[in-house]
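The values are calculated or read from the model by the stated rules, or taken from the named source; none is laboratory data. Because the structure is predicted, anything quoted here is derived from the model rather than measured. All Cβ positions, glycine included, derive from the backbone under ideal geometry; neighbour counts span all protein chains shown. With ligands, DNA and RNA removed, areas are computed over all heavy atoms of the protein, side chains included. Shrake-Rupley method; radii C 1.70, N 1.55, O 1.52, S 1.80 Å.
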Amino acid sequence: MAQEYNIEQLNHGRKVVDFMRWDTLAFIISGLLIVASIAMISVRGFNWGLDFTGGTVIEIALEKPAELDTLRDGLEKAGYADPIVQNFGSSRDVMVRMAPLDGPAGQELGNKIITIINQTTQQNATVKRIEFVGPSVGNDLAQAGAMALLAALIAILIYIGIRFEWRLALGTVLALAHDVIITCGILSLARIEIDLTIVASLMSVIGYSLNDKIVVSDRIRENFRKIRRGSSYDITNVSLTQTLSRTLITSLTTLAMILILFIFGGALLKGFSLTMLIGVTIGTISSIYVSSALALKLGMKREHMLVQKVEKEGADQPSILP
């Protein structure tokens, strides 16, 4: 009679975490988050930054802190509609963002804004930086950013499709789309300003999340070929348990660095670091409960991995079937 193996024995006597026990609940939560994210993006849209809308940003240094509402009211009374006034770096550093305006731009506009602020606050403020982006340039940047994200996902789809069996590949690609959609939904909910640094952070999230999912998928494929006994459910749990320490160490180290960047990186990097914090957290979870669990739901079996190996190594290779 064939010897029976329990799941711990499949993992050389070490405890195995039953990740797949919660796969249905994880699918429900992920589905709700995706629907909510899409609805949020459709209803509220994004808080597009100067890089995409065009306009003028002026960084000003004050002699002493001033109320932002007072500065905003002074600019509106002078005829500048809906200016965005916020602190960055310190309470004496002020950033003014305005939509594209007819009339003077550049240094002449900066001088007018400084005059208004000086009259409003009774100070001698100075201009630190003036940046102007035209509407056409903003539209070009928006299209280029969208194309960059789309091209990255297509390239990943091709790479994953060649490297892994289609069930694992589909789970990985859908998990990446899951990470990007939910991250964008949170950006829309929090009204975080979308600029080129946010696009860069989304690309970084895709790269980090892809690396984590490839490690997990590679271990699942390897164990399907090495472990001769055990169900697909058990082998998936064994594989996830074996990669858990690596995933936690990598994710926690990455999150620690991003958190330091968020706290000490200044106002200009807060959007980038916050997006990374959200994306890395969601990407780590989706490596288990979207990528791997979806491949299992699609009917992933040992035979599929063995057939893929034989196809890649050539028909003249000896069979490794038990």
Contact order relative to length for region 55-133, counting C-alpha pairs under 8 Å separated by 6 or more residues, stands in percent at 47 percent
For peptides 60-67, 293-300, sequence by mean Cβ density within 10 Å, most packed first: 293-300, 60-67
Residue-by-residue Karplus 3J(HN,Hα) for region 180-188, coefficients 6.51, -1.76, 1.60, Hz, glycine and proline x: 5, 5, 5, 4, 5, x, 5, 4, 5
Please compute the per residue accessible area over region 149-250 with all protein chains in place, 1.4 Å probe, rounded to a whole number of Å². 39 Å²
Derived scalar couplings ³J(HN,Hα) [region 53-62; Karplus, 6.51 cos²θ - 1.76 cosθ + 1.60; whole Hz; x for Gly, Pro]: 8, x, x, 10, 10, 10, 9, 10, 9, 9
Amide H to amide H under 5 Å from GLY266: which residues, 5+ apart in sequence or cross-chain, H placed 1.01 Å off N in plane? none
Please list the non-local residues whose amide H lies under 5 Å from the amide H of TRP48, H modeled 1.01 Å from N, same-chain partners needing a gap of 5 or more. ILE194
Ordered by residue, what ³J(HN,Hα) values in Hz, to whole numbers, does region 260-265 give under the Karplus form 6.51 cos²θ - 1.76 cosθ + 1.60, where θ = phi - 60° and Gly and Pro are x? 4, 5, 5, 6, 10, x
Mean accessible area per residue over region 55-133 (1.4 angstrom probe, all protein chains present, square angstrom) is 53 Å²
Sorted largest first, the C-alpha extents of region 55-133 along its principal axes in whole angstrom are 31, 23, 18
Whichever lysines have a C-alpha closer than 18 Å to that of LYS112, once near sequence neighbours (fewer than 8 apart) are set aside: LYS77, LYS128
When the accessible area of region 55-133 is computed with all protein chains present and a 1.4 Å probe, what percentage of it is carbon and sulfur? 45 percent
Between GLU63 and residues 5 or more places away or on another chain, which pairs have amide H atoms under 5 Å apart, with H built 1.01 Å from N, and which residues are they? ASN124
